[in-house]
Amino acid sequence: MKRFLIVIEKANGNYSAYSPDLPGCVATGNNRDEVERNMYEAIELHIKGLTENNIPIPKPQAEAEYVVIK
């Protein structure tokens, strides 16, 4: 089991997401829940494609942190 960070961004009228550790793996959705589900499926398909093409699955390395500015 691998854990991949996803970044979710609110756009004009929808949401988009990507994973910094999986270049080219993106998804969109009408709301946050939908984009999360779509991104989960996108990651599954991306990893399946890498595996079928004998390409190593990248090690998750991205991290995220909030910075509070006063």
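Each reported figure results from applying straightforward, stated rules to the coordinates on display, with no laboratory input. Here the structure is a predicted model, which means the values were calculated and not measured. All Cβ positions, even for glycine, are placed from backbone atoms using ideal geometry, and neighbour counts span all protein chains on display.
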Of T51, A64, M1, whose Cα points farthest to the positive end of the dipole of the chain (charges on the beta-carbon: +1 Lys, Arg; -1 Asp, Glu; origin at the Cα centre)? A64
Using Cα extents along the principal axes in Å as the read-out, say which of (1) 47, 28, 19; (2) 44, 25, 19; (3) 31, 25, 21 was calculated from these coordinates. (1)
Return a whole-number percent for the relative contact order of the chain, with Cα pairs under 8 Å and 6 or more residues apart as the contact set. 27 percent
Using unit Cβ charges (K, R positive; D, E negative) and no other charged atoms, how large, in debye to the nearest 20, is the dipole of the chain about its Cα centre? 140 debye
If one takes the longest principal axis of the Cα atoms in the chain, at what angle in degrees, from 0 to 90 and to the nearest 10, does the Cα axis of helix 32-52 lie? 20 degrees
Note to self, the chain gives a 222 nm [θ] from helices alone (DSSP H runs n ≥ 4, -39500 (n - 2.57) apiece, / all residues, nearest 500) of -10500 deg cm²/dmol
Under 20 Å Cα to Cα from K2, which lysines show up? Leave out anything in the same chain fewer than 8 places away. K48, K59
